[in-house]
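Written out below as structure tokens is the structure these notes cover.
The values are calculated or read from the model by the stated rules, or taken from the named source; none is laboratory data. Values in this document were obtained by computation on a predicted structure and should not be read as measured data. Counting neighbours? That spans all protein chains shown, and the Cβs are built from the backbone with ideal geometry, glycine included.
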Amino acid sequence: MMRLDKYLCETGFGTRSQVKALLKKGLVSVNGESEKRPERKVDERSDTVSCGGKEAVYREFTYLMLYKPAGVLTARSDRQERTVFDLIPAELRRDLSPVGRLDKDTEGLLLLTDDGALAHHLLSPRHHVKKVYFARVQGELEEEAAESFQRGLDIGDEHPTLPAKLVIRKSGAESEALVTLHEGRYHQVKRMFQAVGCEVIYLKRLSMGSLSLDGKLAPGEWRMLGEEEITRLKKEEGSRNGAGDAN
Ligand code: URA
């Protein structure tokens, strides 16, 4: 059993004060009956809670998609800098961890969850779950670069990179491309472009496996994942031969 206000926070309806306001407005019902008391106890396994006509589905784990803006760190806390945890309500922060990191100046899709098994599955090099990035770079991009990405690049690590797909969208003094990777090394996209003579000036992650950044989210906004998105992610198995890559 848990308090109704906590239940609503944990199912993604807002911060404690936001859900208290929703309760006060009479927007919440428990088993079909209007309920205004935040302290009302509900059973997360058997009670049906709705808010504004939308069912508040309780899950064992929390899965949240954040549109990480540039300028914030993928870290729990930092003395000087803002972090991704500053962007999500305190009630949700406690057990969540980001699934992989984005650099401070990179924006885009960041999944946060307390489902350690799923995080491990998505990050494990064995599974090769694909990640798609949009990059703007300084320098011309020729088809030769796409071939190098496909062959694998020496980026100063022990092993060359796994085959990656580069789809050039624009080439000139500044060029644009989509990159699909099946691994996630430190600064990998930036180092791969460096290896072909270009410097990344803007980088955005568009997707991770089957999960794409929601076009309705603005930088800094987040939402809970839907049931289907979670089910698809759990079945995720990447491929190294490029099936489903960006094009
Ligand atoms: N590759 C990078 O270089 N930076 C990121 O943030 C993500 C992938």
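Can you give me the number of residues within the range 2-48 that are on the phi > 0 side of the Ramachandran plot, under 31 Å from the mean Cα position of the chain (by Cα) and surrounded by fewer than 19 Cβ atoms within 10 Å (Cβ to Cβ)? Before the answer, list the steps.
Filtering the range 2-48 for residues on the phi > 0 side of the Ramachandran plot gives 12, 14, 26, 31-32.
With the extra rule that they be under 31 Å from the mean Cα position of the chain (by Cα), the set shrinks to 12, 14.
This time we only want the ones that are surrounded by fewer than 19 Cβ atoms within 10 Å (Cβ to Cβ), so: 14.
Counting residues in the range 2-48 that are on the phi > 0 side of the Ramachandran plot, under 31 Å from the mean Cα position of the chain (by Cα) and surrounded by fewer than 19 Cβ atoms within 10 Å (Cβ to Cβ) gives 1.
Does the range 120-143 hold any residues that are part of a strand (DSSP E or B) and not aromatic (Phe, Trp, Tyr), and which are they? Full working, then the answer.
Of the range 120-143, the ones part of a strand (DSSP E or B) are 131-138.
Hits for the range 120-143 are Lys131, Val132, Ala135, Arg136, Val137, Gln138.
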If you scan the range 87-100, which residues turn out to be out of contact with any Gly (no Cβ under 6 Å at 6 or more places or on another chain), closer than 26 Å to Gly209 by Cβ and more than 13 Å from the ligand (Cβ to nearest atom)? Ile88, Pro89, Leu92, Arg93, Arg94, Asp95, Leu96, Ser97
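Take the conditions within 12 Å of the ligand (Cβ to nearest atom), surrounded by fewer than 19 Cβ atoms within 10 Å (Cβ to Cβ) and without any contact (Cβ under 8 Å) to a residue 60 or more places away in the chain and apply them to Arg191. Does it pass?
Details: within 12 Å of the ligand (Cβ to nearest atom): yes; surrounded by fewer than 19 Cβ atoms within 10 Å (Cβ to Cβ): yes; without any contact (Cβ under 8 Å) to a residue 60 or more places away in the chain: yes.
It is true that Arg191 is within 12 Å of the ligand (Cβ to nearest atom), surrounded by fewer than 19 Cβ atoms within 10 Å (Cβ to Cβ) and without any contact (Cβ under 8 Å) to a residue 60 or more places away in the chain.
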Out of curiosity, is Asp103 within 13 Å of the ligand (Cβ to nearest atom) and either more than 15 Å from Tyr67 (Cβ to Cβ) or at pLDDT 90 or above (or both)? yes
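Has the range 76-88 got any residue that is among the small types (Gly, Ala, Ser), modelled with pLDDT of 95 or more and over 30 Å from Asn31 (Cβ atoms)?
Step one: list which residues in the range 76-88 are among the small types (Gly, Ala, Ser), which gives 77.
Of the ones still in play, those that are also modelled with pLDDT of 95 or more are none.
Within the range 76-88, not a single residue is among the small types (Gly, Ala, Ser), modelled with pLDDT of 95 or more and over 30 Å from Asn31 (Cβ atoms).
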Of the candidates Tyr186, Tyr133, the one satisfying the condition of being within 12 Å of the ligand (Cβ to nearest atom) and without any contact (Cβ under 8 Å) to a residue 12 or more places away in the chain is Tyr186
Checking Ala56 against (1) surrounded by fewer than 19 Cβ atoms within 10 Å (Cβ to Cβ); (2) more than 18 Å from Asp114 (Cα to Cα), the condition it does not meet: (1)
